Each structure stands twice: as structure tokens, then as C-alpha cells.
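To start, the structure under review is shown below, and the notes come after it.
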Amino acid sequence: ICCVWEVSTANFVFFCCVLVVLSDMSMALCCRLARSSERLKLVLRHVAMASTSAESIPQQKAEVNGVNINYVKVGTGDHPLVLMPGALGSFVTDFGPQVEKLNREKFTVVGWDPRGYGRSRPPDRQFGLDFFHQDAADAAALMQKLGFDKFSLAGWSDGAITSIILAGTYPQLVRKMVIWGGNAYITAKDSQMYEATRNIDNWSERMRAPMVQMYGEEYFRKTWASWIEGISQFLHQRNGDICKKEASQVNCPTLLLHGAKDPMVPGFHPDYLQKHLKGARRLDFPEGKHNIHLRYADRFNTLMENFLME
């Protein structure tokens with residue numbers, strides 16, 4: 001009996017120790033989940049605060065090429081400027097500091113959501129081989145509908161590609177162009193890099209949150225996957241060429257900006273654009289990544305304003 005009692009006592013003590021350890025582990029896990037939840041709340045709060053000013057500006061709709069395009073217009077300056085968003089972008093998600101802070105006495109700034117993006121839905125976004133050209137045609141038609149026969153372009157990422165196509169296809173409409181984070185072609189390595197981003201669950205909260213807030217997770221997930229397939233088709237069907245021909249046709253003054261540490265757009269892409277955009281002026285941000293207009297908003301805005309007003 002004594003032996004049994006000793007064994008049972010040892011088991012009981014061991015069992016109690018296990019409960020304590022598991023309790024500590026559960027508490028630690030709960031704390032980590034709570035901290036993660038708080039980080040997500042802070043991210044969403046930051047995104048909401050960053051976009052509140054832009055969203056508070058009255059937004060309007062204009063029928064353009066059969067689609068109701070969402071846009072905003074601020075400022076009364078005699079230099080019209082249209083902001084060209086990136087992939088899945090809108091003027092709220094992509095250009096808050098520009099809509100809010102660009103000089104409204106010198107510029108009339110138009111922010112817009114390309115068809116299938118932001119609040120220019122329906123329709124859902126489609127990614128045929130002509131999707132960049134469709135965006136360029138829509139932007140040109142929107143600006144003309146608003147009464148601007150000649151205007152400047154500020155294009156980021158996919159918006160830089162669309163800007164090049166617009167400036168090369170409709171040169172009579174474009175005064176000047178500022179572009180960053182774009183490319184005239186894609187390589188197999190680019191395509192692999194895009195493919196690595198397909199699963200949005202692997203995105204950082206900071207990058208994923210504004211898109212989920214704008215679209216909801218289901219539409220965002222589906223549309224991002226479609227974008228990857230859409231951009232990769234240029235590699236398979238056009239030997240990587242997106243807008244090389246249009247780049248050679250651009251004749252407006254161009255400011256080419258680049259974040260030297262951009263993980264999405266390696267340096268050989270701005271090198272190509274600098275060589276093939278006639279007279280393009282280039283400036284690199286040594287520590288900049290893909291979103292230099294957000295990370296260095298005040299300096300970026302000053303550089304762009306000075307260039308456009310020269």
C-alpha cells in the first residue's frame with residue numbers, strides 16, 4: 001500500500017506540474033494572440049486614419065467608356081494632374097498624401113479608381129492582354145470629360161505602366177509625366193517573384209490590411225490571383241513586352257523616380273526606362289523601396305511639384 005501511495009503521489013505531483021506548464025503555455029499563447037490582435041487593430045486604425053482625409057473629400061462618378069468611374073477632384077490650379085494607381089489600387093489606398101497635400105492653388109488634382117478597382121465597381125476587374133491600354137483609355141477619357149484637354153500624369157507601379165501607354169498613345173493630351181515603381185517588360189524572375197506573393201495570408205498586416213478594408217478578403221484574394229495571371233501572360237504571349245513600343249513614343253518631359261531598395265522593381269527596369277524615354281530625368285531614393293511617395297511623402301511631393309511647374 002505504501003508503495004502504491006508513493007507512486008500515486010508522484011503521478012499526482014507530475015500531473016499537477018503538467019497542468020501548471022500547460023496553463024502557462026495557454027496564457028502565453030493567449031497573450032501572443034492578444035498582442036497580434038492589438039497589432040492588427042493598430043494597423044487598421046492607422047490605415048483608417050491615413051485614408052480618412054482622402055475619403056472625406058466628396059467623391060463623384062462619371063460614365064467613361066461604358067463604366068461608372070469613381071473619382072475625386074481637388075484644387076483650382078491651372079495645371080491638371082491625374083494620379084494613376086497601382087495594382088488593385090485606388091486614390092484612397094495609393095495617394096492619400098498627394099490628394100491631401102499637393103498645392104491646390106497650382107494644381108487641380110484628379111484621383112480615380114480604375115474599372116474594377118476601389119469604388120469603380122461593378123464591373124469586377126478583368127485582366128486581358130489589353131488591361132493596361134483599357135486603363136489608359138479610361139484615364140484619358142475621364143480627364144477630357146472633366147474638361148481637361150491637356151494634363152500631367154503621376155503614375156505608381158501599374159499606374160506607371162498605364163501612364164507610359166497613355167503618354168505614348170495620346171501624346172497630344174500629356175504635358176508632363178512623373179513615374180516610379182513601373183516597368184516596360186517582365187522577366188521570368190519577375191514572374192516568379194509575383195507568384196511568390198499569390199497567397200495573401202503570407203503578406204504583412206501592414207500591406208494586407210488596406211486591401212482587405214477596401215475590398216473584403218474574398219474579392220481581394222480572387223483579384224490578386226487574377227492580377228498575377230494577367231501580368232504573367234505578357235511573358236508567355238508577348239515575350240515579356242508590356243509597353244516597350246509606347247515607351248519609345250513618349251515625347252513629354254518625364255521625371256523617373258526609383259527606390260533603390262525596391263523589392264518589386266529591380267534597378268534594371270528604371271535603367272531601361274531611362275534609356276528609352278526620351279530625355280527622361282532620373283532621381284533615386286537610396287533607402288527607398290516600392291512606396292517612396294508614401295514613405296517620403298513631403299520630399300516626394302516637393303520634387304514632383306517643382307518638376308511639373310518648371
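The values are calculated or read from the model by the stated rules, or taken from the named source; none is laboratory data. Fair warning: this is a prediction, and the values are worked out from it, not measured in the lab. Please note: Cβ atoms are built from the backbone with ideal geometry, for glycine as well, and neighbour counts cover all protein chains shown. Note: accessible area is taken over every heavy atom of the protein model, side chains too, but ligands, DNA and RNA are not part of it. Shrake-Rupley method; radii C 1.70, N 1.55, O 1.52, S 1.80 Å.
Total residues in the stretch 133-165 satisfying the condition of being under 13 Å from ASN251 (Cα atoms) and in contact with an Asp or Glu (Cβ under 8 Å, 6 or more places away or on another chain): the figure is 2. For the stretch 166-175, enumerate the residues that are open to solvent by 30 Å² or more (accessible area, probe 1.4 Å), outside any helix (DSSP H, G or I) and closer than 18 Å to LEU255 by Cβ. Within the stretch 166-175, ARG175 is the sole residue that qualifies. Filtering the stretch 67-81 to residues that are of a type in the set (A, V, I, L, M, F, W, C) and either more than 29 Å from ARG221 (Cβ to Cβ) or not in a strand (DSSP E or B) (or both) leaves VAL74, LEU81. Of everything in the stretch 225-279 that's within 17 Å of ALA188 (Cβ to Cβ) and polar (S, T, N, Q), which residue is least open to solvent (accessible area, probe 1.4 Å)? Out of the qualifying residues, it is SER232.
For the stretch 121-146, the set of residues classified as touching a Ser or Thr at 6+ places or on another chain (Cβ under 7 Å), charged (D, E, K, R) and over 17 Å from GLY168 (Cα atoms) consists of ARG125 only.
Yes/no matrix, rows are residues, columns are (1) under 15 Å from LEU273 (Cβ atoms); (2) without any contact (Cβ under 8 Å) to a residue 60 or more places away in the chain:
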position	(1), (2)
ASP130	no, yes
ASP135	no, yes
ALA141	no, no
PHE148	no, no
TYR170	no, yes
GLY182	yes, no
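For LYS275, the test of being over 19 Å from the mean Cα position of the chain (by Cα) and free of Cβ contacts under 8 Å to residues at least 24 places away in the same chain is passed.
Condition check for SER191 on (1) part of a loop (DSSP other than H, G, I, E, B); (2) farther than 22 Å from SER90 by Cβ; (3) of a type in the set (Gly, Ala, Ser): one failure, at (1). In a residue-by-residue description of the stretch 143-159, the property of being within 17 Å of ALA184 (Cα to Cα) and assigned to a helix (DSSP H, G or I) applies to at least one position.
Of the residues making up the stretch 82-134, those that are open to solvent by 10 Å² or more (accessible area, probe 1.4 Å), closer than 19 Å to ILE231 by Cβ and either of a type in the set (Val, Ile, Thr) or in a helix (DSSP H, G or I) (or both) number 3. Close contacts from the stretch 211-225, counting a first residue that is in contact (Cβ under 8 Å) with a residue 24 or more places away in the chain and a second that is open to solvent by 30 Å² or more (accessible area, probe 1.4 Å) and not in a helix (DSSP H, G or I), with Cβ to Cβ under 6 Å and a gap of 6+ residues or different chains, come to ALA225/ARG198.
Filtering the stretch 229-259 to residues that are more than 15 Å from ASN183 (Cβ to Cβ) and under 18 Å from the mean Cα position of the chain (by Cα) leaves only GLU229.
Taking the criterion of being of a type outside the set (Phe, Trp, Tyr) and more than 30 Å from SER232 (Cα to Cα), would at least one residue in the stretch 86-94 satisfy it? No.
Okay, residues lined up against (1) at pLDDT 95 or above; (2) part of a loop (DSSP other than H, G, I, E, B):
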{"position": "ILE179", "(1), (2)": "yes, no"}
{"position": "ARG198", "(1), (2)": "yes, yes"}
{"position": "ARG206", "(1), (2)": "no, no"}
{"position": "ILE231", "(1), (2)": "yes, no"}
